[in-house]
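Each remark here refers to the structure printed beneath this line.
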Amino acid sequence: MKKISFILVGLILFSFYACKKEQIISLKIMSYNIRHGVGMDMVLELSRSERIIKSHSPDLCGLQEVDNFCLRSGSIGQTDYLAQKTLMKGTFGKFMDYQGGEYGMATLIAKPLISTKVLQLPDGRDEPRSSIIHEIQIAENCIIAFANVHFDWIDGNEGVTNRLNQSKALVKYLDSLGRATIITGDFNCTPDSPSMQYFAEQGFVFVEKGEDNLSFQGDAKSEIDHVIYRNTGDVKFKKKSIQLLDESIVSDHRPLVAELDVIFN
């Protein structure tokens with residue numbers, strides 16, 4: 001009788017775990033350095049950035065070079081403006097005071113927010129730097145971390161060291177969350193840089209773009225806008241698609257749009 005009971009318990013447990021099927025949802029991520037709304041034609045027109053974001057309907061959007069009531073951009077809150085126009089939740093992360101307002105970065109989120117952290121990063125020589133990190137509920141039983149970055153831009157060995165130190169500070173905070181994580185933004189470094197190598201050493205996967213990979217459209221075109229992710233045992237990401245949009249006038253960066261499958265139980 002005991003043997004039969006053990007068999008029945010085993011069958012019940014097997015049925016329970018078999019019924020707990022793997023779930024997959026699609027997640028669209030955008031990263032866009034909007035150059036505070038000033039295009040390559042030197043026209044200030046934030047509605048052009050708004051149009052691009054709305055037309056692609058991202059779930060998670062990281063924006064860089066965002067003004068908050070600065071004189072040069074008409075003294076408006078650009079984060080609030082874009083959040084209202086796209087019907088998303090907006091978070092501004094300050095780098096520094098500038099022209100009567102603040103200069104920094106922003107995220108737009110179309111999913112329920114669990115937490116928000118504007119993390120101050122070290123070693124911004126000419127401009128202080130921060131990262132916006134959200135914990136986001138993308139499904140009833142699935143929470144991930146999403147980080148938006150804009151690392152130091154200066155050249156030479158000092159810039160390399162600053163970006164690496166900023167990367168380490170960010171990963172230290174992300175490790176404390178213990179979440180499957182997506183990082184996107186303007187890393188100001190190429191895939192073969194020490195910073196990107198460090199992320200790889202920490203378990204992050206680089207979402208490769210293919211041949212059309214030059215995101216910065218200034219005098220020296222380069223691949224410095226990225227999407228990377230790190231899995232956990234419970235939540236895994238898988239690339240579906242990634243592309244740089246053919247928008248060469250609105251900013252000196254092309255918008256980056258990636259779709260990932262999120263696989264969880």
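Annotations for the structure displayed:
- Strands (runs of 3 or more DSSP E) contained in the range 169-265 and holding at least 2 residues within 24 Å of Leu121 (Cα to Cα): 181-186, 225-230
- Test: Ala169 is under 18 Å from the mean Cα position of the chain (by Cα) and over 19 Å from Gln64 (Cβ atoms): no
- Residue ID - nearest to Glu22 (Cα to Cα), chosen from residues in the range 111-167 that are assigned to a helix (DSSP H, G or I) and of a type in the set (A, V, I, L, M): Leu164
- Restricting attention to the range 233-265, the residues that are of a type in the set (Gly, Ala, Ser) and surrounded by 19 or more Cβ atoms within 10 Å (Cβ to Cβ) total 2.
- Taken over the range 85-98, residues that are among the aliphatic types (A, V, I, L, M) and surrounded by fewer than 19 Cβ atoms within 10 Å (Cβ to Cβ) amount to 2.
- Residues that are among the charged types (D, E, K, R) and farther than 14 Å from Ser115 by Cα, drawn from the range 142-179: Asp152, Asp155, Glu158, Arg163, Lys168, Lys172, Asp175
- Any hit, the range 57-65, residues being within 18 Å of the chain's Cα centre (by Cα) and either modelled with pLDDT under 95 or more than 19 Å from Ile133 (Cα to Cα) (or both): yes
- Pairs where the first residue, in the range 166-182, is without any contact (Cβ under 8 Å) to a residue 60 or more places away in the chain and crowded, with 20+ Cβ neighbours inside 10 Å and the second is part of a loop (DSSP other than H, G, I, E, B) and not polar (S, T, N, Q), C-beta under 6 Å, 6+ apart: Gln166/Phe151
- Among the residues of the range 99-114, those identified as in contact with a helix residue (DSSP H, G or I) (Cβ under 8 Å, 6 or more places away or on another chain), farther than 26 Å from Ser26 by Cα and buried (at least 17 other Cβ atoms within 10 Å of the Cβ) are Gly101, Tyr103.
- Yes/no for Asp225 being closer than 26 Å to Val66 by Cβ, surrounded by fewer than 20 Cβ atoms within 10 Å (Cβ to Cβ) and at pLDDT 95 or above: no
- Odd one out for Glu158, checked against (1) touching a residue at least 12 places away in the same chain (Cβ under 8 Å); (2) under 30 Å from Gly233 (Cβ atoms); (3) among the acidic types (Asp, Glu): (2)
- Per the conditions (1) of a type outside the set (S, T, N, Q); (2) under 30 Å from Gly74 (Cα atoms); (3) modelled with pLDDT under 95, the sole criterion not satisfied by Lys117 is (3).
- Condition check for Lys238: of a type in the set (D, E, K, R) and either touching a Lys or Arg at 6+ places or on another chain (Cβ under 8 Å) or within 24 Å of Ser26 (Cα to Cα) (or both): yes
- If you go through the range 200-245 and keep only what is within 22 Å of Gln23 (Cβ to Cβ) and more than 18 Å from the chain's Cα centre (by Cα), you end up with Gly233, Asp234.
- On inspection, Lys54 qualifies as at pLDDT 95 or above and basic (Lys, Arg).
- Of all residues making up the range 42-84, the number that are under 22 Å from Ser26 (Cα atoms), buried (at least 20 other Cβ atoms within 10 Å of the Cβ) and of a type in the set (Val, Ile, Thr): 1
- Residues that are closer than 11 Å to Pro194 by Cα and touching a Ser or Thr at 6+ places or on another chain (Cβ under 7 Å), drawn from the range 161-174: Arg163, Leu164, Ser167
The values are calculated or read from the model by the stated rules, or taken from the named source; none is laboratory data. Predicted model, so just to flag it, every value in this text is computed and none were measured. Every residue, glycine among them, receives a Cβ derived from its backbone with ideal geometry; neighbour counts consider all protein chains shown.
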